[in-house]
Structure formats: structure tokens, C-alpha cells
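Written out below as C-alpha cells is the structure these notes cover.
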Amino acid sequence: MVIEMIYKDAIIYSNLLALASIGLTLTYTVTKVPNFAHASFLTIGCYVTLTITVLLKLPTYISLPIAFLFGTIIGASVYVLVIKPLIKRGADIVRLMIATLAIDIIIFGILNIYADILDRLGIFSRNFLLRDYDFKLSNIEGIFLVSSLLIIFLTLFLYIFLYKTKYGIAIRASIENPSLARVMGINVENVYMFSWSFSAGLASLSGSLFPLWFAAFPDTGITLLPPIFASSIVGGFTSIFGTIIGAYIIGLGESLLIYYLSLVVGYWILAYKQMFSVLMIFITLLLFPRGISGILFEKVMKKWLK
Amino acid sequence: MKSKHSKYNFKQIFLILTFLVLILLAGCAKPEEKVKPVAAPAAEVKKIPKEITIGVLLPLTGDLAAYGKNVREAILIAEEDINDFLTKLGLDTRVKFLIEDTETKPTTALTKLQALAAKGVKIYIGPMTSAEVRNIKTYADVNKLLIISPSSTAADLALKGDFIYRTVPDDTFQGKAIAKMVTDYGIKNVVVIHRGDAWGDGLYREFSKRFKELGGNVIEAIRYSPEAKEFSAEVKKLADLISDAVKKYGEDKVAVVAISFGEIVTILKQASGYDILMEVVWFGSDGTAKLDDVVKEAGKEASEVKLYSTLFAPTESLKYKEFYNKFKEKTKSEPHGYSVIAYDTAWIVVYSILLTQSTDSEKIAKILPEVAKSFFGASGWMLLNEAGDRAAGDYDIWMVVEEEGKYIWKKAGYYSSTTDSVTFLS
């Protein structure tokens, strides 16, 4: 099967965006904190893959579970050390947002230090691309298969986890009414920590795949922040499944839609394709404030989305 | 009863959006700052202070990190050599270069300049890119901060009477060099893919102007955002255009001209998904020449398309060899053309300070062209033109080849600006 490169590019980009955006929605839905450091968890995953593949010379795909685990540890640490104490002191949303911005700057600094250390070890650590380390299965790149399968698996897993398990019900209860959940004996703080930990793990997992197709830098996450937020907001900002759809709208839009649009309006539009994310945020908020989850699937997926 | 958590909070969304837009603007905007003079202009110094502080603004991270780090090494060597020289003169003055990272971002360059200016620093080497120089220009002019860039080449920054000097020839020279290189290679039709910033737009303009004069045909130019990390739409468009052109003119009469920085790695990798793009030759510029990123991360693709790239050529001399050997011994790597220029720039700044017995930026700005006129450094004669930019320069042509299983940059020829001619080595 031959898939034209632009479709492969668009699907891989959308898959990675979806993997990264789910976590942003999850932390916002559960703890009501829009995490501006979320995209930097993705960059951490990029450097885990670089370390595993180039420094330790281990098989590339081993980095996926390691990046996920590493991400969960970082996410849990951020919650325990920064977010939880701030919430306890009654910090409002602005303070929490600024705190996440500060975390983002700290992670960026640490990543730069780590990149310098790798440089000194003779490893090319900025603008690195690991496509040559990927496998191919009858002309289809490993990342295309793996990222697509991961999205399918994750969607199924999240559905079963959130709707068919006790812990999933506890999470939903904590989202709906934290006080009542506490009365019912649910440890809401544990649920909050889980959401931060799992979210960071997913972003890091997405990042671990990123350099297998795109060049990565310490600021990769920062540049991906607008499309990640756009995916989440277009998806409704409080709906995990809406976010996955939002990620495909943004991912496919930034590449395929802009390409086809350039055939009609001219090449000049290619230079402005990054505005697509921001434009979609504005359109969503002005016309469909509840995002994709509020329009297309409200009736069909009511049970899932609430 | 619905809890407050399940409600869609428009206020919160608005806040988030505001933050997001601010972040985006910080990344790509060119702030029209209300420029205020820095706190207190440093009092005119009657004699040289014990420590001469010179600011250095380099892209140590970001798209041009590889160049920035190479230049940093040259500046550190210059600091050592200049301080030895001052000791030999019997002076107890020492030169200190304060190196700051601009992250290859115009906004960060301005922030770092403001921070150093607040410390009283009045003379600067860098920044490296034209986009950064353009963004700091107004602030530097108003505050009389002397900016000497060793690598900014955008032609529209060649202005008389400002506080911006550039010790490298502007892109009218490089545009001619690339146009001549392409036509002498036998190519008459090109598709250009270029960065949408001061440097990319300027070099594209200079190249296409000269290329058309030489009888060439620019089929189309694809302009991309300098912030972009993914180029699927641009590369697909490039493949469409090249495919049509090859059908019309033949494979050996069509080429791609890529005016890019480090993002060329992703562009080449994405281009490798289209056979037609790997069948034609590619040309580059000083943004890609000798870039480690290319040979380390996209060496196979670059060697297939050659990626002939121009880079300012230091004049071969004993002085150059002496610097080259010192650099290689210290860093185990070769100096970049702009590193050689940065080394010389440090010297002409210090000579100007010694001559004027002052660190006043206005006095230095006045004397600098005279000092440069009589200075033959590791990069050659530093003569500046009326706009304060290097008056002329030749270019080496570099290409990517595979040798002993490794991808390397190899000199493929050179361009002489005096005779407007290209000589390919093989």
C-alpha cells in the first residue's frame, strides 16, 4: 500500500498531537488547571528517546514505556511539589497558570542543560531527527503504524477505564462533585495526582515518538503549545474523546487543508499556516463555545462526553 | 444538581486564550516598542577603564545554535589573544566579553540587549541573524548602542549613519554568488523555498533579481514561517512544482534553491518522501553551508541532492592559518566563516577603543570604519562601505558528500565577487 507522503505527514502529526492533547484536557477537567508546562513534558519524551537510542544504543521503541514512566514521575512530582500546595493555599486560576508557566521555564532550562551535556558527550542534541532508527513494514514507517495503533488502543483503554472500572468512576465522580466524592470515601487528591501523572506520561509518550519523524529541540514543546491547546479547545476542553477529534481537525487542517487552500488562494498562505490553530480557537469560542463535543456528538456520545 | 466543575467556564477560557496569544506573540511578533533611552548613559570615559566590557549576542540555542557555539569559541580565543596583547603593551586593562544567548529569536535578542544595556554595556558583537538585528535596531540607535554583527547579511539593513555595523558583505553579494553558481551549473529554472523573515526574504529578492538578469526563470517561491517545525504542505507544493517543471524542461535544467537555517533537516527528510525531489539538484546559502545539523541528521538526503551552499570565504593567509590551527587545537573542530569574522571584529573593536582611549560608543562608531580600513585580519581585509557593512567578499561553495561511510561538507568551488565568476573544483 502506497500512502502519499503528505497524508503520512498529516496523520503522524495528528496522532502525536492527539496523544499530547489528551493529557491537557484531563488535567484541566479534573483539577481545573490549564497546564502551560504540558507541552514541555512532550520535549522530555523527545530526549528520553535520544538518550535510549543514541546514547545507550538500545532499540528505539524501548523508549516508549520508559518515556511514559518518566513522564508520569515528572507529572506526579509537579503536582505534589507545586500544584497541590498552591491549591491548598487557595491559589486562584491565574496563580496556578503562572505557576505552570514557571514550571515550563524551569523544564526548558533543564532540557537545555541536558542538551549541552549530551553535546559534550558527542551526541547531536539540538535539531536531532531519528528517522533512520525507525523500522519499516512494507513501505510503511514504524512511527505511522505505532502512533496510529496507540491512538486506537488509548481510545479503547480510556473508554473502558473511565466507564467500566471503579477507579474510572471515582475519577468521574471527583470531576462532577469533589465534595460529594470525598464524602463517598474517594481520595480526591489521589485522583488529582493520577490525572497529572497520567497526563504527563501521555505527553512524554507522544514526545518519545516525535523525533522519529520531526526534528526536535529543547523548545519543541513550546512551539507545539498553540496546536495542543487548539486541539483541546476545539474538542470542547472538557472532553477527552472530543480532544482526540480536535487534534485531527487541527493536525489535518494545518497540513492538508492549508495545502489544498494554497491551490486556490495561492502559495502565500503556507507562511501563515501556524495561525490555523489560533484561528480555530477563536472560531470555536465565538461560534461553538462547547467545542466539537457540544455540536456533533452531543446526543450520540452524551454518555461518553459528560 | 450540577457542580461548578462541570460548567463551561468562559472566564477561564478567556484567561487561557489571553496567555496563549501572549506566548504566540512573544514567539513571532516584532514589537513596535516605545523606545526609551536606558537609565543613564554611561559617562564619557576619559581613559580606558581597567575592564572593558563588550556584549556578545549569539544564538547558542535555536535554529542557528551550531553557528552560535562555533562563534562563541572564536570570541573566547579573541578574549585570550587580546588580553595577551594588552599585557605586552604594558596595560593593566582587560577585555571581558559578556556572552548572552538570543535563542535565535528576535524578541529574546532585544531582551538580552536591554539587560546588558541596563548594566552599562555600550558596544556589542552580534546578533547573528538579520531578523534579530532588525528587531534591536531602533532600540540600539536611540540608545546609541554600537552593534557590530559578524553575520547579518540582509540587504535592507544596509543603512548609512545608524549604529549598526556589519563585518560581513550584505546579501547583494551572496544573491549574485548563488545566482551565478546556479546558472554556471547549467540550471535555468528553479523553485525557491525560503524562510519568511528579514534574511530569507532579502536573500530571495537579491537572488531572484540577479538570476533573472542572467536569463534564469524563478518558477515559484514558497515562503514558510520561521517558527514552523513541520513542512508537509510546503514540501508537497515543492514536489508538485518540481514535477511539472521537470516534465516541461527536463531533470537537468531544474533545481531547488533552499534559503533556510537548521530547519533544512526536516525539509530534506520530508522531501525524501517524494522521489522527484531527490532527483534534482538543490542549492543552499550561508544558512545551510557547513551546518553540522545537515550532515549529522540528513546527510544521506543532502548528499543525494548535493545541497551546494555558499559561505563567506576568509582570505587564505598566514593569519588565517594561525587562527585556524589555534581554533582546531582548542575545539577539535573547524572554524566557521562567521567565526573568523567574529574574531576579527573583536580585534577592530579593541583597536578602536585603544585609539580613541574611550569606550564611548559614538566615538568608537566614528573611528571603526577607519580602523577596519587598515586592518587585515584572519578573514582578510575588513574595509567597510558607506553603510558600515563589509565592502566586498568572496564565497566558498560547499556540498555534502559521502566519504568512508560518513557524510561531510566538502569544498566544491568558489565565487569571486571581483570577477563575478564561479569555479567548480570538479
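The values are calculated or read from the model by the stated rules, or taken from the named source; none is laboratory data. Treat the numbers as computed from the prediction; the structure is a model and nothing was measured. Here the Cβ is made from the backbone with ideal geometry for all residues, glycine too, and neighbour counts use every protein chain on show. Ligands, DNA and RNA are excluded from the accessible area calculation, which covers all protein heavy atoms including side chains. Shrake-Rupley method; radii C 1.70, N 1.55, O 1.52, S 1.80 Å.
Excluding ligands, DNA and RNA, the accessible surface per residue across the stretch A:2-305 is 40 Å² with a 1.4 Å probe. Put +1 on the Cβ of every Lys and Arg and -1 on every Asp and Glu Cβ in the stretch A:2-305; which of A:P226, A:L86, A:L58 then has its Cα farthest towards the positive end of the dipole? The listed residue farthest towards the positive side: A:L86. Annotation: average projected area of the stretch A:37-153 is 9.0 square nanometres, based on the convex hull of Cα atoms across all directions.
How shielded is A:205-218 by partner chains, expressed as the average number of their Cβ atoms within 10 Å of its Cβ atoms? Provide the component values of the computation, followed by the final result.
On the way: counts 0, 0, 0, 0, 0, 1, 1, 0, 4, 8, 13, 2, 8, 4.
For peptide A:205-218, the averaged partner shielding equals 3.
Candidate cross-link partners of A:K166 among the aspartates and glutamates, defined by an alpha-carbon separation under 19 Å and a same-chain spacing of 8 or more, comprise A:E176, A:E189.
Close amide H pairs (under 5 Å, H built 1.01 Å from N) link B:I52 with B:R94, B:V95, B:K96, residues at least 5 positions away or on another chain. Each label was represented as a point 7 Å from its Cα along the Cα-to-Cβ direction; for B:S374 and A:L69 these points are 6.9 nm apart. In sequence order, the stretch A:185-201 has phi-based couplings of x, 7, 7, 5, 4, 5, 5, 4, 5, 4, 5, 5, 5, 5, 4, 5, x Hz under the Karplus curve 6.51 cos²θ - 1.76 cosθ + 1.60, θ = phi - 60°, and Gly or Pro positions carry x.
P(r) tail for chain B, what percent of Cα pairs lie past 29 Å? Let's see the in-between values first.
Details: 42438 of 90525 pairs.
Cα-Cα pairs of chain B separated by over 29 Å account for 47 percent.
Buried area at the B:A interface is about 5300 square angstrom, summed over both chains, from accessible surfaces computed with a 1.4 angstrom probe. In this structure, B:D92 and B:Q357 have a Cβ-Cβ separation that, at R0 = 25 Å, corresponds to a calculated FRET efficiency of about 0.95. On a per residue basis, the stretch B:149-254 carries 31 Å² of accessible surface, using protein heavy atoms and a 1.4 Å probe. Taking the charge dipole of the protein assembly as shown about its Cα centre, with +1 at Lys and Arg Cβ atoms and -1 at Asp and Glu Cβ atoms, the residue from B:H194, A:Y259, B:L384 reaching farthest to the positive side is A:Y259. Contact residues in the stretch B:58-85 (at least 40 Å² less accessible area with all protein chains than alone, 1.4 Å probe): B:T61, B:K69.
Expressed as a fraction of 2.2 N^0.38 Å, the C-alpha radius of gyration for the stretch A:192-253 is 1.16.
Legend: residues in the stretch A:242-284 shielded by at least 40 square angstrom of accessible surface upon adding the remaining protein chains to the isolated chain (1.4 Å probe, heavy atoms) are A:Y259, A:Y267, A:L270, A:A271, A:K273, A:Q274. For the pair the stretch B:161-191 and the stretch A:220-235, the centres of their Cα atoms are 38 angstrom apart. Converting phi to 3J(HN,Hα) with the Karplus coefficients 6.51, -1.76 and 1.60 and the offset θ = phi - 60°, the stretch A:32-47 yields 6, 10, x, 8, 7, 8, 4, 5, 6, 4, 4, 4, 4, x, 4, 6 Hz in sequence order, with x at every glycine or proline.
Taking the alpha carbon gyration tensor of the protein assembly as shown, what are the square roots of 5 times its eigenvalues, largest first, to the nearest whole Å? Display every interim value, and only then the final one.
Values: eigenvalues 440, 198, 99 Å².
Value: 47, 31, 22 Å, ordered largest first.
Leaving out ligands, DNA and RNA, and with a 1.4 Å probe, what % of the accessible surface on the stretch B:267-426 is carbon or sulfur? Here carbon and sulfur together make up 51 percent of the probe-accessible area.
Given only helices, namely DSSP H runs of n ≥ 4 each adding -39500 (n - 2.57), what is the per-residue ellipticity at 222 nm of chain B, to the nearest 500 deg cm²/dmol? Intermediate results must be reported in sequence, preceding the final value.
Details: 14 runs with 190 residues, N = 426.
Only helices count here, giving -14500 deg cm²/dmol.
Could you pull out every residue, at least 5 positions away or on a different chain, whose amide H is within less than 5 Å of the one on B:N217? Hs are placed 1.01 Å off N in the peptide plane, and Pro or chain starts have none. Placed amide hydrogens put B:N189, B:V190 under 5 Å from B:N217.
If you wrap a convex hull around the C-alpha atoms of chain A and split its volume per residue, what is the figure in Å³? Provide the component values of the computation, followed by the final result.
Values: hull volume 45.5 nm³, N = 306.
It is 149 Å³ per residue.
Tell me, what % of the accessible area of the stretch A:2-305 is carbon and sulfur with a 1.4 angstrom probe?
Of all accessible area on the stretch A:2-305, carbon and sulfur atoms account for 73 percent.
Using the structure shown, select from B:K328/B:K410; B:K176/B:K373; B:K105/B:K137 the pairs with a Cα to Cα distance greater than 20 angstrom.
Numbers: B:K328/B:K410 17 Å; B:K176/B:K373 24 Å; B:K105/B:K137 14 Å.
Cα-Cα > 20 Å for B:K176/B:K373; rest within.
Positive contributions from Lys and Arg (+1) and negative ones from Asp and Glu (-1), summed over other residues with Cβ under 10 Å from the Cβ of A:L86, come out at +3.
Place a label point 7 angstrom from the Cα of B:E386 along the Cα-to-Cβ direction, then list the residues of the stretch B:146-163 whose backbone nitrogen is under 14 Å away. Answer for the stretch B:146-163: B:158-162. A straight line joining the Cα centroids of the stretch B:351-388 and the stretch B:55-70 runs 24 Å. The phi torsions of the stretch B:293-303, fed into the Karplus equation with coefficients 6.51, -1.76 and 1.60 and a -60° offset, translate into couplings of 3, 5, 6, 7, 10, 9, x, 4, 5, 5, 5 Hz, rounded to whole numbers, with Gly and Pro shown as x. For the stretch B:267-319 versus the stretch A:40-93, the inter-centroid distance based on Cα atoms is 35 Å.
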